[in-house]
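Encoded as structure tokens, the structure appears first; notes follow it.
Each value in this text was obtained by applying a stated rule to the coordinates, not by laboratory testing. All values reported here derive from a predicted model rather than from experimental measurement. With ideal geometry, Cβ positions are generated from the backbone for all residues, glycine too; neighbour counts draw on all protein chains shown.
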Amino acid sequence: MGSLLRLAFAPLRGVGEVDGAWWPRSRNLDGGLRELFPPLQRRFGLIEWLRLSWADWDSHPDHTWNEVPIGWNRQMLANVLVAHCRHGTAVFLLVIPSEADAQLGRRALGLAADPRWAPRSASEILARSEGRR
């Protein structure tokens, strides 16, 4: 997949529990968000705040590099990012673990964007990508 952004959106929002998937290159949140924000904002509008699972990242800042507030949740399901955008839109993305092998990552991106497979949750997508379902 080279330097291409590893991101896929479901064709319709709100059909499943997630609206797409993102496969960051590392557990470095700052670098990943700098890559994620432009396409996410082009599609859904200005991001006003984020909600993230504590377990998914190595660092836990209060704000992004561009001052978007980050809410951390230790009880939130792992592998989920919620971007709260202007006009009240909340975008739920599966966060594929950065250490996932290429086959699992590509499968999970494909399933998250597949309009034929819904409803879909983050855990269902990862399980199916790993061949567990």
Filtering the chain for DSSP H helices with an axial alpha carbon extent of at least 15 Å and a Kyte-Doolittle mean of at least 1.0 returns none
Base-10 log of normalised Debye intensity for the chain (one unit scatterer per alpha-carbon) at q = 0.09, 0.14 Å⁻¹: -0.23, -0.57
Ignoring everything except DSSP H segments at least 4 long, calculate the 222 nm mean residue ellipticity for the chain; use -39,500 (n - 2.57) per segment, divide by total residues, nearest 500. -8500 deg cm²/dmol
The chain: relative contact order as a whole-number percent, Cα under 8 Å and 6+ apart: 32
What is the calculated FRET efficiency for Trp117 to Asn66, with r their C-beta to C-beta distance and R₀ = 41 Å, to the nearest 0.05? 0.75
How far apart, in nm, are the 7 Å Cα→Cβ label points at Arg86 and Trp54? 3.3
Considering the dipole of the chain built from charges on the beta carbon (Lys and Arg +1, Asp and Glu -1) around the Cα centre, which of Val91, Leu77, Ala10 is farthest to its positive end? Ala10
